[in-house]
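First comes the structure, then the notes that go with it.
None of the figures in this text is laboratory data; all of them are computed from the coordinates on show. Remember, predicted model here, so these are calculated numbers, not experimental data. Cβ: placed from backbone, ideal geometry, glycine included. Neighbour counts: every protein chain shown.
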Amino acid sequence: MTDEERIKKAYELGFEYEREYYGCSQCTVAAVSEALEVRNDFIFKAASGFAGGMGSLCSGPCGGYTGGAMMVSAFFGRVRERFDDDIENRRSSYRLVRRLADRFFDAYGSFVCEKVQRSIFGRSFNILDPEERAAFEKAGAHTDKCPSVVGNAASWTCELILEEMRKKRLDLDHFRFLRQVASDLY
């Protein structure tokens, strides 16, 4: 599969997963993981509480952004074995997450959930309130609005990871340690 095909697949999976299952952070993680063939159920599970601007509060970062940041960090973040001196990986992850933030700012004016909502809906919603949640859904939250944000987050993340891999002359086999399905966890 070419890089362009992987990036396109990440968008399509992100869109589909958010439309079908909800949970923007997990949907982003799942889409990127599958597009890059590094499914890791532990990272997927860890992304659960980041949805809807952290715990559905909408005041924190968009789950698409946090899911993307988690995947960037899974590939290029600091490793525990070098906790005291893994400066190169730590800086790589910071740089890539900032580039992901730039994509969000260019597209939505922010990476904060409620501001992304204002950009795509013209207003924000308190999704913890049942009436607001109903209005959110009626406005297309899981028809096309949030799925497009997750699709973009997944494709941007995939693109950033692939670019960094080329820059560092790495291939996906280098990251086989990321492959861990639930049966390996419990």
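If we count other beta carbons within 10 Å of each Cβ, what is the order of 143, 2, 66, fewest first? Numbers along the way, then the final one.
On the way: 143 12, 2 8, 66 26.
Lowest count first: 2, 143, 66.
How high is the relative contact order of the range 69-186? Use alpha-carbon pairs under 8 Å, at least six apart in sequence, and give a whole percent. Before the final figure, lay out the partial values.
Details: 70 pairs, mean separation 25.3, N = 118.
Once normalised by length, the contact order is 21 percent.
May I ask you to order 22-31, 6-15, 94-103, 121-130 by the average number of other C-beta atoms within 10 Å around their residues, highest value first?
22-31, 6-15, 94-103, 121-130
HN-Hα J couplings of the range 75-82 from phi, Karplus 6.51/-1.76/1.60, θ = phi - 60°, integer Hz, Gly and Pro as x?
Each residue of the range 75-82 in turn: 7, 10, x, 5, 9, 4, 4, 10 Hz.
Which lysines have a Cα lying under 22 Å from the Cα of residue 45, excluding residues fewer than 8 positions away in the same chain?
Those lysines meeting the cut-off are 9.
Compute the Rg/Rh shape ratio of the chain: radius of gyration over Kirkwood radius, all on alpha-carbon atoms. Provide the component values of the computation, followed by the final result.
Values: Rg = 16.1 Å, Rh = 16.4 Å.
Checking Rg against Rh, the ratio lands at 0.98.
Counting other beta carbons within 10 Å of each Cβ, put 119, 93 in order, fewest first.
Values: 119 16, 93 20.
Placing the least packed residue first, the sequence is 119, 93.
As a test of the formula, what do you get for the chain when each DSSP H run with n ≥ 4 contributes -39,500 (n - 2.57) and the sum is divided by the residue count, at 222 nm and rounded to the nearest 500 deg cm²/dmol? Before the final figure, lay out the partial values.
Values: 9 runs with 117 residues, N = 186.
The helix contribution divided over the chain gives -20000 deg cm²/dmol.
Take peptides 76-87, 36-47 and line them up by average Cβ neighbours within 10 Å, highest first, as a rough protection proxy.
On the way: 76-87: 12.3, 36-47: 18.5.
Result, highest mean first: 36-47, 76-87.
Roughly what would the spin-label model give for residue 3 and residue 95, points 7 Å off Cα along C-beta, in nm?
Distance between label points: 1.5 nm.
By how many degrees, 0 to 90 and rounded to 10, does the Cα axis of helix 146-167 deviate from the longest principal axis of the chain?
Roughly 20 degrees between the two axes.
Residues with amide H under 5 Å of residue 180's amide H, sequence separation 5 or more or different chain, H placed in the peptide plane at 1.01 Å from N; which?
Amide H to amide H, under 5 Å and 5 or more residues apart or across chains, residue 180 pairs with 40, 41.
Are there any trypsin sites (Lys or Arg not before Pro) in the range 135-175 that are in a DSSP loop and have at most 10 other Cβ atoms within 10 Å? List them by number. Before the final figure, lay out the partial values.
Details: sites: 138, 145, 166, 167, 168, 169; in loops: 168, 169.
Answer by residue number: 169.
Taking 0.36 nm per residue of separation and subtracting the Cα-Cα distance, what length does fully extending residue 81 through residue 123 add? Present the calculation step by step, with values, prior to reporting the outcome.
Numbers: separation 42, 0.36 × 42 = 15.12 nm, distance 4.51 nm.
That pair, residue 81 and residue 123, stretches by 10.6 nm at full extension.
In whole Hz, with x marking every Gly and Pro, tabulate ³J(HN,Hα) for the range 98-106 from phi via Karplus 6.51 cos²θ - 1.76 cosθ + 1.60, θ = phi - 60°.
5, 5, 5, 4, 4, 4, 5, 4, 5
Which whole-Hz couplings ³J(HN,Hα) result when phi for each residue of the range 121-131 is put into the Karplus expression 6.51 cos²θ - 1.76 cosθ + 1.60, θ = phi - 60°, listed in order with x for Gly and Pro?
Rounded to whole hertz, the list is 10, x, 6, 10, 10, 8, 6, 7, 8, x, 5.
Please list the non-local residues whose amide H lies under 5 Å from the amide H of residue 53, H modeled 1.01 Å from N, same-chain partners needing a gap of 5 or more.
58, 63
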